Amino acid sequence: MKRVSDCVFCKIVNKELPADVVYEDEQILAFRDIKPLAPVHVLVIPKRHIESLQATQPSDDQLLGALLGVARQVAKEHNLTGYRVATNIGKDGGQVVNHLHLHVIGGKPLSDLPALG
Ligand code: DGP
């Protein structure tokens with residue numbers, strides 16, 4: 001499993017840093033964001049280190065679908081009727097942690113929520 005030693009999300013995957021985990025399987029981990037923008041704010045990540053969506057290959061499409069499936073499941077388990085799934089890509093896209101992650105945000109009306117970043 002590819003990992004990067006100074007990547008905070010790799011450290012969470014490897015249990016070197018604590019996190020409030022809500023879902024885990026062989027290839028995916030989901031945990032609560034440390035700075036939630038809404039009552040529900042969960043990050044869904046591949047366990048393997050991938051910098052961002054832009055660094056994925058067509059061979060990662062199964063994984064990308066699975067990440068979205070976990071986002072859907074997290075939303076269902078939190079009874080979210082409306083929610084947002086977003087991923088920031090690169091510095092100009094507002095990405096701070098360079099390990100691919102989907103934000104799953106909900107639990108309040110999001111119309112006034114600023115863009116992530
Ligand atoms: P982004 O800007 O898309 O790269 O968002 C990174 C998110 O990661 C941001 O909402 C805060 C969250 N985050 C950063 N460090 C940690 C951490 O150590 N633990 C948890 N649970 N979340 C973190």
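The values are calculated or read from the model by the stated rules, or taken from the named source; none is laboratory data. Values in this document were obtained by computation on a predicted structure and should not be read as measured data. Note that each Cβ is placed from the backbone with ideal geometry, even for glycine, and that neighbours are counted across all protein chains shown.
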message = For the list (1) touching a Phe, Trp or Tyr at 6+ places or on another chain (Cβ under 9 Å); (2) touching a residue at least 12 places away in the same chain (Cβ under 8 Å); (3) surrounded by fewer than 18 Cβ atoms within 10 Å (Cβ to Cβ), I need the number of the one condition that VAL4 fails.
response = (1)
inquiry  = Could you list, ordered by first residue, the pairs with Cβ atoms under 8 Å in which the first is in the range 79-91 and under 18 Å from GLY69 (Cβ atoms) and the second is within 12 Å of the ligand (Cβ to nearest atom) and small (Gly, Ala, Ser), at least 6 apart or interchain?
reply    = THR87/SER52
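The rows are residues; the columns are (1) more than 12 Å from the chain's Cα centre (by Cα); (2) within 18 Å of GLY94 (Cα to Cα).
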residue: MET1; (1), (2): yes, no
residue: LYS11; (1), (2): yes, no
residue: ARG32; (1), (2): no, no
residue: PRO36; (1), (2): yes, yes
residue: VAL44; (1), (2): no, yes
residue: HIS49; (1), (2): yes, no
residue: LEU53; (1), (2): no, yes
residue: PRO58; (1), (2): yes, no
residue: ALA71; (1), (2): no, no
Residue check, LYS91 more than 16 Å from the ligand (Cβ to nearest atom) and either modelled with pLDDT under 95 or of a type outside the set (Val, Ile, Thr) (or both) = no
query = Picking from GLU26, GLU77, GLU16, which residue would you name as being within 15 Å of the ligand (Cβ to nearest atom) and either under 18 Å from VAL97 (Cβ atoms) or of a type in the set (D, E, K, R) (or both)?
reply = GLU16
task = Kindly provide the set of residues from the range 74-98 that are assigned to a helix (DSSP H, G or I), out of contact with any Phe, Trp or Tyr (no Cβ under 9 Å at 6 or more places or on another chain) and small (Gly, Ala, Ser), ordered by number.
result = GLY93
request  = Among the residues of the range 73-117, write down those that are small (Gly, Ala, Ser) and closer than 13 Å to ALA38 by Cβ.
outcome  = ALA75, GLY82, ALA86, GLY106, GLY107, SER111
ask   = Can you name the number of the only condition in (1) more than 10 Å from the ligand (Cβ to nearest atom); (2) surrounded by 15 or more Cβ atoms within 10 Å (Cβ to Cβ) that GLN57 fails?
value = (2)
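Do the conditions hold for VAL70, that is, is it touching a Phe, Trp or Tyr at 6+ places or on another chain (Cβ under 8 Å), within 9 Å of the ligand (Cβ to nearest atom) and among the aliphatic types (A, V, I, L, M)? Give the derivation first.
Working: touching a Phe, Trp or Tyr at 6+ places or on another chain (Cβ under 8 Å): yes; within 9 Å of the ligand (Cβ to nearest atom): no; among the aliphatic types (A, V, I, L, M): yes.
When the stated conditions are applied, VAL70 does not pass them.
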task = Return only the number of the condition from (1) among the aliphatic types (A, V, I, L, M); (2) crowded, with 19+ Cβ neighbours inside 10 Å; (3) more than 10 Å from the ligand (Cβ to nearest atom) that LEU43 does not satisfy.
result = (3)
